[in-house]
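Structure record follows, encoded as structure tokens.
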Amino acid sequence: MEAEVREIIINAALQKEAPEVGFGTQMANLFRGVGLKEGEEIKEIRGMRLQVPKF
């Protein structure tokens, strides 16, 4: 199984093509009709630094 994971990671790293659409758009398309209204989109978040919440 480790060899399979390594092969998947290597193949993914070697891909030079950028995805056609962003992650938010992919998720919106996947769940369209199951919660998202027609025309409603999930906005892409770019350049936002994630911070660990302090409890």
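Laboratory data are not the source of any read-out in this text; all were calculated from the coordinates shown. Everything numeric here is computed off the predicted structure, so don't read it as measured data. Note that each Cβ is placed from the backbone with ideal geometry, even for glycine, and that neighbours are counted across all protein chains shown.
Loop-resident GluC sites (Glu not before Pro) (DSSP state other than H, G, I, E or B) in the stretch 1-51 with no more than 16 further Cβ atoms inside 10 Å of their Cβ: GLU17, GLU20, GLU38, GLU40, GLU41, GLU44.
Starting from 0.36 nm per residue, how many nanometres of slack lie between LYS37 and VAL5 once their C-alpha separation is accounted for?
On the way: separation 32, 0.36 × 32 = 11.52 nm, distance 3.69 nm.
Extra length from LYS37 to VAL5 when fully extended: 7.8 nm.
Please compute the length gained on full extension between GLU20 and LYS54, using 0.36 nm multiplied by the number of residues separating them and subtracting their Cα-Cα distance.
8.6 nm
Helix 2-14 and the long axis of the chain differ in direction by around 70°, with both axes built from C-alpha atoms. Largest first, the three principal axis extents of the alpha carbons in the stretch 1-49 are 42, 26, 22 Å in whole numbers.
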